[in-house]
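Take this structure first; my questions come after.
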Amino acid sequence: MEWADGIDLISWINANVENIDAVTAVARRFADLADDLQTMGIAHGDLQHGNIIVAPDLSLRLVDYDGLYVPSLAGYDAVEVGHRNYQSPLRRISHFGPHLDRFSNWLIYSSLVCLTVDPRLWGQLHEPDGEYLLLASEDLRDPANSPRFPALLQHPDERIRIIAQAVTSLTGMPIEAIPSLERSALLKPMARSLDLKLVSSGEAVQSSGSRPQWLDGHMSSDRDNVFLHIANFDGRRRHEVLATLGALLLLILLVVSAFIDLSVMLLVAVATILVAFHIRRLHTRRPELLKIRMERLSFNKLIAASGVTEADLDAVESEFKKQALFDKKFRERVRVDHHKLTDELNHELARIEKEFHEKKNLIDQDATSLSARQADALAESFWPLQKAWVLQHLAFYRIKGAYIRHLNSANVDALAKRKIRTAADFVGVQIVGRSDPKVSIVNRAGDLVRIRGIGPQKARALEEWRQQCESRARSICPIAVPEDLHREVGERFHAQWEALRERRAILEDELQEARTRARDAVAAKRASFSGEVQVVLDDSQQKLAELARRETELRGMIADRVTVQRWAAALNRREKSLDLWHYVYFSLFGR
C-alpha cells in the first residue's frame, strides 16, 4: 500500500486554523470525499481525525480500513464501532452498511464549517490533547447537559447556531435514518457559509452568507451582487453609433482639410471637439457606469457607517485576556482554598482520633487490670479445692539441686538440718526490722525458724522460688474449676465489666459525633465559600462569553468591511475596463 504523505486532521487544524481559505478548501474536499464513498456504496467505518490525512496540496487520504464496508460484505456485523468521539451514540456492532459514515461525515464537516466562520472555536472547545474536533462523546450522548454545545447553540453567528441545531437533531436519530451529507436539506444553511462568488475580473470573494447588522438598511437584496454581472457594455443605441461614426468622419476630414484650407480645418476641428465631448457625455451616462458609480457610493457609505477599527478589536481582545487571566488566577486561588479546607478537616480528624486512642488506652488498661483481679479472685476461690493437691505436689520441688539466686550449698544444708528440704516444707519468710532485720522461715506448721547465713536477700529469693513452684503446681493441677465457681466470680465482676463496656460505647459515640461535627463544620465553610465563589465564577464566565461574543462580532464586522472594500476595488477595476476607448470600440463594432 502506498504511504500517505501528510499529517492527521487535528494536527493540520492546529497549524492552519487561522487560514480560512485552507480550512474552507479542506471542508469542501471532505464533502467531495464523502460524496464519492456514498456514490460507490462504500463506508470507511471509522472516520476520525487519525484516519484522515491532509496532504501538503490539501488533498485528503484515508487510512486504516479495518472497519471498511463494501457491498459484498452486506449481511455481516461490523468488526468495530469506530472512535467514540466521531460516532452516533446509537451505533452498535450490528450497524454495518453504506450508511455507516453518515454521522461521522456530518460531525467532521460541520466542525470544519464552524471553524471557517469562527476560528476561535478551536481554542474554546478543543482541548490540546483531546481526540475530537469541537464535540466529544459526552456531548453527543447528552446534548442538553453538554459542556460544549451551548457555545455553538448560543453563538452570535446564526450559521453556527443552525449547524449546532442540525447536529443535535442527528444525535438521537436512528443510524439508518441519518441523511447523507450531499442530499440533506439541512446542508443548505451550511453551504451558504462556504459559497464563493466570482468577481468578473476573476477575483474570488467569500460571502459571509448573512449580512451583518451594520449593512442592514444600506443594501437591498437585489442590489447586493448586481456589479458582479456587469461583464461589458450591452445594447448599442443608434445615436451613439451615429455620434461615433460622425467623430470618425470628422477626424478624416480634419486630416484632409489640413492639406486644403486652414480655415476649413479650424471649423472641422471645432466640430470634432464638440462631437468628442458629446461622445464623452454619452459614455459617462452609460447605465453600466451609472450602476458602478451608485454601488461604489453605497459601498463608501457602508465603510464609513461601520465605525469599527482594529483598535476596537485590540481593546476587546486585551479585555478578554485580562478577564481570562483573572478567571484562571481566581480558579487557582479557589483550588488552594479548597485544599486548605481539606487539610483543616484532616488535621481536626487526626486530633479527634488521637484523643480517642488516648482515652481508649486508659479503658484498655482498666480492662487489663480488671481481668487480672478477676483471675486472682478466681484463683483465691479455687485455692481451697487445689490446696491439698498443690501442697502435696510441692514436695517434689526440692531445694537441693534447684537454682535459687544467692543460695549456696551451706545454706541448703542449714535448711535441711531444720527439716526444710522442699517447697512443701515452708510457706513463706518473715523479715522484721530495717537496720538490723530479723529473718525467719515460716515452716509448714507456722513456726518461725531462723537459719544462720540466710539474710533478707536470700530469704526473698527463697520465697520467690517457692511462689514459682506453687504457680507451676497450680497450672498442672488436674482438678478443674467448677462452672458454678466461674459463674459466681464472673457475676461478682459483671457490673465492672458492664461499666467498662459502657465507657467504651460512650467513647465510640463521642468519636462519631466529633467526626460528624468536624465534617459538618468544614462542609458549612465549603458551602458558604462555594456559594460566594460561584457568584464570582458565573460573573466571570458571563463577562468572558460577552467579550467573546463582542470579539466575534467585531471580527465579523471587520471581515465584512474588508469584503465591501474588496467589492469596491472590484468595481474600480471594472470601471477602468469600461473606459472611453472601449466604449468607442463597442459603439463601432458592438462588442
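The values are calculated or read from the model by the stated rules, or taken from the named source; none is laboratory data. Bear in mind that the values here come from a model prediction, so they are computed numbers and not experimental data. So basically every Cβ, Gly included, is an ideal-geometry build from the backbone, and we count neighbours across all protein chains shown. Keep in mind that these areas ignore ligands, DNA and RNA; they rest on the heavy atoms of the full protein, side chains included. Shrake-Rupley method; radii C 1.70, N 1.55, O 1.52, S 1.80 Å.
Quick check on my filter: what residues within the range 380-411 are open to solvent by 70 Å² or more (accessible area, probe 1.4 Å), among the hydroxyl-bearing types (Ser, Thr, Tyr) and either in contact with a Pro (Cβ under 6 Å, 6 or more places away or on another chain) or not in a helix (DSSP H, G or I) (or both)?
Within the range 380-411, just 403 meets the criteria.
Looking at the range 15-37, which of its residues are outside any loop (DSSP other than H, G, I, E, B) and either β-branched (Val, Ile, Thr) or farther than 21 Å from residue 180 by Cβ (or both)?
Answer for the range 15-37, where residues must be outside any loop (DSSP other than H, G, I, E, B) and either β-branched (Val, Ile, Thr) or farther than 21 Å from residue 180 by Cβ (or both): 15, 16, 20, 21, 22, 23, 24, 25, 26.
Do you know which of the residues in the range 18-53 that are of a type outside the set (S, T, N, Q) and in contact with a Gly (Cβ under 8 Å, 6 or more places away or on another chain) is farthest from residue 88 (Cα to Cα)?
Residues of the range 18-53 of a type outside the set (S, T, N, Q): 18, 20-23, 25-37, 40-47, 49-50, 52-53.
Okay, now just the ones that are also in contact with a Gly (Cβ under 8 Å, 6 or more places away or on another chain), so 43-47, 53.
Numbers: 43: 15, 44: 15, 45: 12, 46: 12, 47: 12, 53: 22 Å.
Step by step, filter the range 18-53, then rank; the result is 53.
All but one of (1) without any contact (Cβ under 8 Å) to a residue 24 or more places away in the chain; (2) out of contact with any Phe, Trp or Tyr (no Cβ under 9 Å at 6 or more places or on another chain); (3) open to solvent by 60 Å² or more (accessible area, probe 1.4 Å) hold for residue 419, so report the exception by its number.
(1) is the only condition that residue 419 fails.
To continue, here is another question. Here are the criteria: (1) touching a residue at least 40 places away in the same chain (Cβ under 8 Å); (2) among the β-branched types (Val, Ile, Thr); (3) farther than 30 Å from residue 556 by Cβ. Tell me which single one residue 292 does not satisfy.
Answer for residue 292: the failing condition is (3).
Any idea how many residues of the range 153-167 are open to solvent by 60 Å² or more (accessible area, probe 1.4 Å) and in contact with a His (Cβ under 8 Å, 6 or more places away or on another chain)?
So the count comes out to 1.
Report every pair of residues separated by at least 6 positions or lying on different chains whose Cβ atoms are under 9 Å apart, first residue within the range 396-407 and within 22 Å of residue 474 (Cα to Cα), second part of a loop (DSSP other than H, G, I, E, B) and not polar (S, T, N, Q).
398/421; 399/407; 399/420; 399/421; 400/421
So how many residues does the range 525-549 have that are more than 23 Å from residue 338 (Cβ to Cβ) and of a type in the set (Gly, Ala, Ser)?
Of the residues in that region, 2 qualify.
With (1) open to solvent by 70 Å² or more (accessible area, probe 1.4 Å); (2) assigned to a helix (DSSP H, G or I); (3) over 30 Å from residue 248 (Cα atoms) as the list, and residue 561 as the residue in question, which single condition is left unmet?
(1)
Keeping to the range 149-175, report how many residues are outside any helix (DSSP H, G or I) and within 16 Å of residue 101 (Cα to Cα).
The qualifying residues number 3.
On to the next question. Filter the range 88-105 for residues that are over 13 Å from residue 173 (Cβ atoms) and not aliphatic (A, V, I, L, M) and give the result. Walk me through it before giving the result.
Filtering the range 88-105 down to residues over 13 Å from residue 173 (Cβ atoms) leaves 92-94, 96-98, 100-101, 104-105.
Across the range 88-105, the qualifying residues are 92, 94, 96, 97, 98, 101, 104, 105.
Any residue at all in the range 80-96 that is within 29 Å of residue 548 (Cα to Cα), surrounded by fewer than 23 Cβ atoms within 10 Å (Cβ to Cβ) and under 31 Å from the mean Cα position of the chain (by Cα)?
Yes, because at least one residue in the range 80-96 is within 29 Å of residue 548 (Cα to Cα), surrounded by fewer than 23 Cβ atoms within 10 Å (Cβ to Cβ) and under 31 Å from the mean Cα position of the chain (by Cα).
Within the range 552-591, how many residues are under 30 Å from residue 121 (Cα atoms), touching a helix residue (DSSP H, G or I) at 6+ places or on another chain (Cβ under 8 Å) and of a type in the set (Val, Ile, Thr)?
Count: 3.
OK, next. Going through 502, 532, 551 one at a time, which residue ends up being acidic (Asp, Glu) and open to solvent by less than 40 Å² (accessible area, probe 1.4 Å)?
551
Would you say residue 58 is in contact (Cβ under 8 Å) with a residue 40 or more places away in the chain and more than 21 Å from the chain's Cα centre (by Cα)? Can you show your working first?
On the way: in contact (Cβ under 8 Å) with a residue 40 or more places away in the chain: no; more than 21 Å from the chain's Cα centre (by Cα): yes.
No.
Name the single residue, out of those in the range 281-292 being in a helix (DSSP H, G or I) and surrounded by 13 or more Cβ atoms within 10 Å (Cβ to Cβ), that is nearest to the chain's Cα centre (by Cα). Walk me through it before giving the result.
Narrowing the range 281-292 to residues in a helix (DSSP H, G or I): 281-284, 287-292.
Restricting the remaining residues to those that are surrounded by 13 or more Cβ atoms within 10 Å (Cβ to Cβ) gives 282-283, 288-289, 291-292.
On the way: 282: 69, 283: 66, 288: 58, 289: 58, 291: 55, 292: 54 Å.
Within the range 281-292, the match that is nearest to the chain's Cα centre (by Cα) is 292.
I'd like the residue in the range 1-47 that is among the hydroxyl-bearing types (Ser, Thr, Tyr) and at pLDDT 90 or above and, out of all such residues, is least open to solvent (accessible area, probe 1.4 Å). Steps first, please.
Residues of the range 1-47 that are among the hydroxyl-bearing types (Ser, Thr, Tyr), as a first pass: 11, 24, 39.
Of the ones still in play, those that are also at pLDDT 90 or above are 11, 24.
Details: 11: 51, 24: 10 Å².
Going through the qualifying residues, I end up with 24.
Restricted to the range 469-485, and to residues that are out of contact with any His (no Cβ under 8 Å at 6 or more places or on another chain) and surrounded by 14 or more Cβ atoms within 10 Å (Cβ to Cβ), which residue is farthest from residue 420 (Cα to Cα)?
This residue is 485.
Quick check: is even one residue across the range 64-79 assigned to a loop (DSSP other than H, G, I, E, B) and modelled with pLDDT of 90 or more?
There is no residue in the range 64-79 that is assigned to a loop (DSSP other than H, G, I, E, B) and modelled with pLDDT of 90 or more.
From the list 327, 366, 337, 312, which one is within 30 Å of residue 567 (Cα to Cα) and surrounded by 13 or more Cβ atoms within 10 Å (Cβ to Cβ)?
None of the others qualify; the one that does is 312.
Another question about this same structure. I want to confirm something. Restricting to the range 131-148 and keeping residues that are assigned to a helix (DSSP H, G or I) and of a type in the set (Asp, Glu), which single residue is most open to solvent (accessible area, probe 1.4 Å)?
Ranking the qualifying residues of the range 131-148, first place goes to 138.
Mind checking which residues of the range 287-317 are over 16 Å from residue 573 (Cα atoms) and modelled with pLDDT of 80 or more?
Passing the criteria: 287, 310, 311, 312, 313, 314, 315, 316, 317.
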